[in-house]
Amino acid sequence: MCGILAVLGCSDDSQAKRVRVLELSRRLKHRGPDWSGLYQHGDFYLAHQRLAIIDPASGDQPLYNEDKKIVVTVNGEIYNHEELRKRLVNHKFRTGSDCDVIAHLYEEYGENFVDMLDGMFSFVLLDTRDNSFIVARDAIGITSLYIGWGLDGSIWISSELKGLNDDCEHFECFPPGHLYSSKLGGMKRWYNPHWFSESIPSTPYDPLVLRGAFENAVIKRLMTDVPFGVLLSGGLDSSLVASITARHLAGTKAAKQWGPQLHSFCVGLENSPDLKSAKEVAEYLGTVHHEFHFTVQDGIDAIEDVIYHVETYDVTTIRASTPMFLMSRKIKSLGVKMVISGEGSDEIFGGYLYFHKAPNKEEFHRETCHKIKALHQYDCLRANKSTSAWGLEARVPFLDKDFIDVAMAIDPQFKMINQDEGRIEKWVLRKAFDDEERPYLPKHILYRQKEQFSDGVGYSWIDGLKSHAATHVTDKMMQNARHIYPHNTPSTKEAYYYRMIFERFFPQNSATLTVPGGASVACSTAKAVEWDASWANNLDPSGRAALGVHLSAYELQQQQNQAAASNGNVVPMPSKVIGNIPRMMEVGAQELEIRG
């Protein structure tokens, strides 16, 4: 991932302004430590901090068309760039960068070319012939992007808040799947898939079609000129990514450059569920596996850095970002610059445990639509910024446009969880890769119960965070929380603790408004909390808050069971075996020193 910063029409072309733009661009240098570039055209400034993944030798930015009248600064990867180059037969390219096609597509098609791009991207394009410009962000918001407005009439664009928050009167998230056009004077949505309307699809489930679509999504992300690997938690999603990558790596350009053996990476507290499962999957696939351990104290010590880099006070995101942040640093130290990860599957297939309580297929489908639309504020933000903090790029094949089209067209009745029929969460995905002749994964991994990343790294991680926050936030502070933080008022001491840190780094009201809020249980939307009355009193984003579903649910569930038993009542608990397949391995979590 790179870092981009643009200041457009600021009515100031002085050397002092150029120095200020350079200063702000340096705040993004962690995203792109390989090279820096700044283009100035009057009072338009386009800055870039490069992480070189494709064509490291000549792909420095900004990028230009043939006569340098069109200038582009871009963060991302265009996976179909070779196909697009073939369509641009009358154009000459200056570099081998995958992003070099953008300026030429604009020349050929005007502003209506963005939907032709297959990849993850954020870019600013300046046409110096008339000083018009466009800004665009990828369909789902895999790359982070913000837009701001200055009192001088300028428009600011930055990959991260810290690039513009001190110089803009107002700023906000740039919406995914949108394009800003200076000619139009506003935004328009370029990404308009069939599922966006939330109408209920009716396509029958075909496991081979789903399998093929996902394999294609993974294969196209093997495009790289630098060493890479896969993030492997041992859960379904990351294990499928690793399995497909291992199958198709041989024969690729990457394999010829860096060898045919795949490297995999996992992080967790000692003896955590993820570490054990990941090691088993790595042995099954034959990867070179790297296991990183951290302690609760290591994580707590990193919280301030995490909030500074990830730019949120959302509890779930911070819990999950911290282990990923620590792991990314270790991965980069090994010389790896790109990893493939499993984000997005739970939103598409209803993989979070609260989906067990979806009352019907209509609400199930609408909830998945809402979750995908909000990914840029949660898992995409985490995956992008936790890795970019150390100059590491994360690619997410589950959020491939073509794959989403296939997966979201399936009749949601097939995605519904039905324990009587042996259908656990994400059954359609599991079934698609349940190949008896050439198994992708061991059965018990293929059917392992969903673990949210912040849980899977070790249950004592979240418990430790809560205990730490309780030592910094008093009961009296909580009583006044609604007055101190009227917007998204913290409801727990942990949330209050994160909010204090966030506002120290980003004190502007605009910054506060970039973070979503609302009631949630096990990562649900506020609407889904209504699916089970018992959840209203147990609002926590951890998967263990899904009482009656998660096998290691919070102590509250055990207390309820004991109370019910004393009254002669029976409270059903989720079966540990469905269709002769264990749903989850229950492993305790302890703390040891961090080591590779």
Query raised in the report: What number goes with the only condition from (1) touching a residue at least 40 places away in the same chain (Cβ under 8 Å); (2) within 18 Å of W156 (Cα to Cα); (3) open to solvent by less than 10 Å² (accessible area, probe 1.4 Å); (4) out of contact with any Pro (no Cβ under 6 Å at 6 or more places or on another chain) that L51 does not pass?
Result: (2)
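Residue by residue, here is whether (1) touching a strand residue (DSSP E or B) at 6+ places or on another chain (Cβ under 7 Å); (2) among the charged types (D, E, K, R); (3) closer than 29 Å to Y313 by Cβ; (4) touching a residue at least 24 places away in the same chain (Cβ under 8 Å) holds:
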site: Q419; (1), (2), (3), (4): yes, no, no, yes
site: E425; (1), (2), (3), (4): no, yes, yes, yes
site: V428; (1), (2), (3), (4): yes, no, no, yes
site: P439; (1), (2), (3), (4): no, no, no, no
site: K493; (1), (2), (3), (4): no, yes, yes, yes
site: Y498; (1), (2), (3), (4): no, no, yes, yes
site: S510; (1), (2), (3), (4): yes, no, yes, yes
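Identify all residues within segment 131-177 that are of a type in the set (A, V, I, L, M), part of a loop (DSSP other than H, G, I, E, B), under 30 Å from S345 (Cα atoms) and touching a helix residue (DSSP H, G or I) at 6+ places or on another chain (Cβ under 8 Å); write none if there are none.
Let us first name the residues in segment 131-177 that are of a type in the set (A, V, I, L, M), namely 134-136, 139-140, 142, 145, 147, 151, 155, 157, 161, 164.
Filter once more, keeping what is part of a loop (DSSP other than H, G, I, E, B): 139-140, 142, 145, 151, 164.
Filter once more, keeping what is under 30 Å from S345 (Cα atoms): 139-140, 142, 145.
Within segment 131-177, A139, I140, I142 meet the criteria.
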Query raised in the report: Restricting segment 242-272 to residues that are in contact with a Lys or Arg (Cβ under 9 Å, 6 or more places away or on another chain) and assigned to a helix (DSSP H, G or I), which is most open to solvent (accessible area, probe 1.4 Å)?
Result: R247
Query - Among (1) assigned to a helix (DSSP H, G or I); (2) under 20 Å from P227 (Cβ atoms); (3) open to solvent by less than 10 Å² (accessible area, probe 1.4 Å); (4) touching a Leu at 6+ places or on another chain (Cβ under 7 Å) - the single one K332 does not satisfy - result: (3)
**Report entry** Residue count, segment 486-500 (criterion: among the aliphatic types (A, V, I, L, M) and buried (at least 21 other Cβ atoms within 10 Å of the Cβ))
**Finding:** 1
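Residue under question is G344, and the condition is that it be at pLDDT 95 or above and either in contact with a Lys or Arg (Cβ under 7 Å, 6 or more places away or on another chain) or of a type in the set (K, R) (or both); does it hold?
On the way: at pLDDT 95 or above: yes; either in contact with a Lys or Arg (Cβ under 7 Å, 6 or more places away or on another chain) or of a type in the set (K, R) (or both): no.
Considered against the rule, which asks whether it is at pLDDT 95 or above and either in contact with a Lys or Arg (Cβ under 7 Å, 6 or more places away or on another chain) or of a type in the set (K, R) (or both), G344 comes out as no.
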**Report entry** Subset of segment 357-368 [farther than 11 Å from A528 by Cβ and surrounded by fewer than 23 Cβ atoms within 10 Å (Cβ to Cβ)]
**Finding:** N360, K361, E362
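Condition check ((1) over 27 Å from the mean Cα position of the chain (by Cα); (2) surrounded by fewer than 21 Cβ atoms within 10 Å (Cβ to Cβ); (3) aromatic (F, W, Y)) across all residues:
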| position | (1), (2), (3) |
| --- | --- |
| D67 | yes, yes, no |
| T73 | no, no, no |
| H81 | no, no, no |
| K86 | yes, yes, no |
| N90 | yes, yes, no |
| S97 | no, no, no |
| V101 | no, no, no |
| N112 | no, yes, no |
Query raised in the report: Is it the case that K371 is open to solvent by 10 Å² or more (accessible area, probe 1.4 Å), more than 29 Å from R499 (Cβ to Cβ), in contact with a Phe, Trp or Tyr (Cβ under 9 Å, 6 or more places away or on another chain) and part of a helix (DSSP H, G or I)?
Result: no
Query raised in the report: Given (1) part of a loop (DSSP other than H, G, I, E, B); (2) hydroxyl-bearing (S, T, Y); (3) touching a Lys or Arg at 6+ places or on another chain (Cβ under 7 Å), where does S277 come up short, assuming only one miss?
Result: (1)
Query - Cβ-Cβ under 8 Å pairs, at least 6 apart or on other chains, segment 10-35 side closer than 30 Å to G335 by Cβ, far side aromatic (F, W, Y) - result: H30/W390
**Report entry** Considering residues of segment 179-189 that are closer than 28 Å to E23 by Cα and within 25 Å of the chain's Cα centre (by Cα) only, the residue most open to solvent (accessible area, probe 1.4 Å)
**Finding:** Y180
Query - Checklist (1) open to solvent by 30 Å² or more (accessible area, probe 1.4 Å); (2) at pLDDT 70 or above applied to P516, failing item - result: (1)
Query raised in the report: Do we have any residue at all in segment 461-471 that's surrounded by 15 or more Cβ atoms within 10 Å (Cβ to Cβ), modelled with pLDDT under 90 and outside any loop (DSSP other than H, G, I, E, B)?
Result: no
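Among the candidates Y313, Y308, which residue alone is under 19 Å from the mean Cα position of the chain (by Cα), outside any helix (DSSP H, G or I) and of a type outside the set (G, A, S)?
On the way: Y308 fails: outside any helix (DSSP H, G or I).
Criteria check complete, one pass: Y313.
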Query raised in the report: In this structure, does E343 turn out to be surrounded by 24 or more Cβ atoms within 10 Å (Cβ to Cβ) and either within 16 Å of the chain's Cα centre (by Cα) or not in a helix (DSSP H, G or I) (or both)?
Result: yes
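The values are calculated or read from the model by the stated rules, or taken from the named source; none is laboratory data. Not measured: the values here are computed from a predicted model. Positions of Cβ are generated from backbone atoms using ideal geometry, with glycine treated the same way; all protein chains shown enter the neighbour counts. Accessible surface areas use protein heavy atoms only, side chains included; no ligands, DNA or RNA. Shrake-Rupley method; radii C 1.70, N 1.55, O 1.52, S 1.80 Å.
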